[in-house]
Amino acid sequence: MMRTVLEATGVTKRYIGGDGNPVEVLQGVDLAVQGGEMIAIVGESGSGKSTLLHILGALDVPTSGNVSIGGQPTAGQPDDVLAGARNRSVGFVFQFHHLLREFSALENVSFPLRMAGRSAAEADARARELLERVGLGKRLNHRPGELSGGEQQRTAVARALSARPEIILADEPSGNLDHANGERLHDLLAEVVRDLRVGMVVVTHNRSLAERAHRVYKLEDGRLAPVGADGNRSGYWDAKE
């Protein structure tokens, strides 16, 4: 039975612009993500995709509406509770890997677990298991500067999975990679969703990655609309090409 791991209801986000007038970035966004499902969000630069992702991951709060992570509402929760929810249930992958350059791949992946109080042995065993899964079993002791761009990003995916999250949020994860490494990363993300039954929301401009998603949405004028609800997603991409 599929389980809802992330749900947004009526999410809005409003800023005050430089001219003093309100700017509506998100207007009543609704989204539900199941375990074992990948959702892709596409849209023009500046449309609010990253803002939405930050709200979904409890890195930012909506002006109104609510987000539930693993069935737990985030609205009105203090910062320490939100931090706990992020650490337990959400994994993040960004366009730039944000690995600690003085740490090895093994240390980068095990670090969040050690910070959460796991023993060094337990954290290292989990990190080794995940690095093997992403094809870096022979690169455990290499620092980021000794890894290719694709290997660095696969290390970041392993780190995102370290705490066994219910949802992975990825912001242009292949945006800094060449075609070959990007395709390998796309395959890995799809495999993670399928095999680990984790939910995933990925913001992307990459057609190849979006086509691997179970559902695709376009964010435009602050609202999410399904792309290819009729089973044909080519219209969105054809219009851009």
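May I ask you to list the residues in the stretch 93-120 that are over 14 Å from Gln152 (Cβ atoms) and of a type in the set (Phe, Trp, Tyr)?
Within the stretch 93-120, just Phe111 meets the criteria.
Looking at the structure I just gave you, is His186 at pLDDT 90 or above, surrounded by 20 or more Cβ atoms within 10 Å (Cβ to Cβ) and more than 22 Å from Glu7 (Cβ to Cβ)?
Against the criterion (at pLDDT 90 or above, surrounded by 20 or more Cβ atoms within 10 Å (Cβ to Cβ) and more than 22 Å from Glu7 (Cβ to Cβ)), His186 qualifies.
Testing Gly18 on (1) surrounded by 17 or more Cβ atoms within 10 Å (Cβ to Cβ); (2) more than 23 Å from Val81 (Cα to Cα), one condition comes back false. Which one is that?
Condition (1) is where Gly18 drops out.
Does the stretch 105-126 include one or more residues that are polar (S, T, N, Q) and in contact (Cβ under 8 Å) with a residue 60 or more places away in the chain?
Looking through the stretch 105-126, none of the residues is polar (S, T, N, Q) and in contact (Cβ under 8 Å) with a residue 60 or more places away in the chain.
Of everything in the stretch 1-15 that's over 19 Å from the mean Cα position of the chain (by Cα) and part of a loop (DSSP other than H, G, I, E, B), which residue is nearest to Ala85 (Cα to Cα)?
Met2
Take the residues in the stretch 208-241 that are among the charged types (D, E, K, R) and at pLDDT 90 or above; name whichever of them is surrounded by the fewest Cβ atoms within 10 Å (Cβ to Cβ).
Top of the filtered list is Asp221.
Could you tell me which residue of the stretch 76-99 is surrounded by the most Cβ atoms within 10 Å (Cβ to Cβ), considering only residues that are of a type in the set (A, V, I, L, M) and out of contact with any Lys or Arg (no Cβ under 9 Å at 6 or more places or on another chain)?
The selected residue is Val90.
If you take the residues in the stretch 72-98 that are of a type in the set (A, V, I, L, M) and closer than 18 Å to Met115 by Cα, which one is modelled with the highest pLDDT?
Val90
Is there a residue in the stretch 29-49 that is closer than 18 Å to Asp171 by Cα, β-branched (Val, Ile, Thr) and either part of a loop (DSSP other than H, G, I, E, B) or touching a Gly at 6+ places or on another chain (Cβ under 6 Å) (or both)?
Looking for residues that are closer than 18 Å to Asp171 by Cα, β-branched (Val, Ile, Thr) and either part of a loop (DSSP other than H, G, I, E, B) or touching a Gly at 6+ places or on another chain (Cβ under 6 Å) (or both), one finds at least one in the stretch 29-49, hence yes.
Evaluate the following for Gly36: is it surrounded by 15 or more Cβ atoms within 10 Å (Cβ to Cβ), under 17 Å from Val5 (Cα atoms) and modelled with pLDDT of 90 or more?
yes
Is it the case, given these coordinates, that Arg154 is under 16 Å from Arg101 (Cα atoms) and in contact with a Ser or Thr (Cβ under 9 Å, 6 or more places away or on another chain)?
So Arg154 does not fit the description; no.
Name the residues in the stretch 100-132 that are over 19 Å from Ser148 (Cα atoms), crowded, with 20+ Cβ neighbours inside 10 Å and more than 21 Å from the chain's Cα centre (by Cα), would you?
Within the stretch 100-132, Ala123 is the sole residue that qualifies.
The values are calculated or read from the model by the stated rules, or taken from the named source; none is laboratory data. Computed from a prediction, not measured in an experiment: that's the story for all the values here. With ideal geometry, Cβ positions are generated from the backbone for all residues, glycine too; neighbour counts draw on all protein chains shown.
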